[in-house]
1. Which members of region 78-92 meet the condition of being part of a helix (DSSP H, G or I) and either out of contact with any helix residue (DSSP H, G or I) (no Cβ under 9 Å at 6 or more places or on another chain) or open to solvent by 10 Å² or more (accessible area, probe 1.4 Å) (or both)?
2. Note down all Cβ pairs under 8 Å where the first residue falls in region 104-128 and is touching a residue at least 24 places away in the same chain (Cβ under 8 Å) and among the hydroxyl-bearing types (Ser, Thr, Tyr), the second is outside any helix (DSSP H, G or I) and open to solvent by 40 Å² or more (accessible area, probe 1.4 Å), and they're at least six residues apart or on different chains.
3. Can you give me the ranges of the helices (runs of 4 or more DSSP H) entirely in region 1-73 with at least 3 residues that are open to solvent by less than 70 Å² (accessible area, probe 1.4 Å)?
4. Does residue 130 qualify as being open to solvent by 60 Å² or more (accessible area, probe 1.4 Å), part of a helix (DSSP H, G or I) and either modelled with pLDDT of 95 or more or farther than 12 Å from residue 63 by Cα (or both)?
5. Which members of region 51-103 meet the condition of being in contact with an Asp or Glu (Cβ under 7 Å, 6 or more places away or on another chain) and under 18 Å from residue 6 (Cα atoms)?
6. Considering only region 94-102, I want to know if a residue exists there that is within 20 Å of residue 45 (Cα to Cα), modelled with pLDDT of 95 or more and open to solvent by 40 Å² or more (accessible area, probe 1.4 Å).
7. How many residues, within region 1-32, are in contact (Cβ under 8 Å) with a residue 12 or more places away in the chain and among the charged types (D, E, K, R)?
Amino acid sequence: MTGQPLPLRVAMQIPEVINEMTETLAKYGGTVERSALDDGLRRCWAEAEPETRACVLLTLAWSAQGDDIPLSDDTAGVYADDFGKYVEAFEGDSEAWHGKSFPMMPLPGTAGTLASSLGFDREETDLTLKTALLLKTSIYRDPTRMPSPNR
């Protein structure tokens, strides 16, 4: 996939990463802490383009709106809670949340800035993965819902 233009790589990686998260959560009974330690998922997340990680975070936050994001007494929990607050305060539709150029940068708004900052942090990929898993957990619990920029 590395020979593909960046926009296409990112667009293709987003569902791959989200599916890997779903499968890993299922493997560990929906447990974020255990899923976050899975070597395959950690590698998938770390090897994804930074733009992909940013878009996944933003999409999961949008898809989790109105749900209870699991609590976690660490930095990942703080970031997940911030995303939850941003999406609850947001007054617009999915296109406004994601931006017209999604999945390309820049991502709009405060949530877009946070998603981009976390997505491009190559030193803390385990932290950002756990943040994404916290956002994904509420969606995981309802198998009829899939993360989508159009939810």
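1. Residues satisfying the conditions are 78, 79, 81, 82, 84, 85, 86, 88, 89.
2. Short answer, once both residue conditions are applied: 116/105; 116/106; 128/121.
3. Answer list for region 1-73: 6-27, 39-47, 50-63.
4. No; evaluated as a whole, the condition is false for this residue.
5. Correct list: 103 only.
6. If we filter region 94-102 for residues that are within 20 Å of residue 45 (Cα to Cα), which is where we start, we get 102.
Adding the requirement that they be modelled with pLDDT of 95 or more leaves none.
There is no residue in region 94-102 that is within 20 Å of residue 45 (Cα to Cα), modelled with pLDDT of 95 or more and open to solvent by 40 Å² or more (accessible area, probe 1.4 Å).
7. Looking only at that region, the number is 3.
The values are calculated or read from the model by the stated rules, or taken from the named source; none is laboratory data. Given the structure is predicted, the values throughout are model-derived calculations rather than measurements. Here Cβ is always computed from backbone atoms with ideal geometry, including for glycine, and neighbour counts include all displayed protein chains. Areas reflect the complete protein model, heavy atoms only, side chains present, ligands, DNA and RNA absent. Shrake-Rupley method; radii C 1.70, N 1.55, O 1.52, S 1.80 Å.
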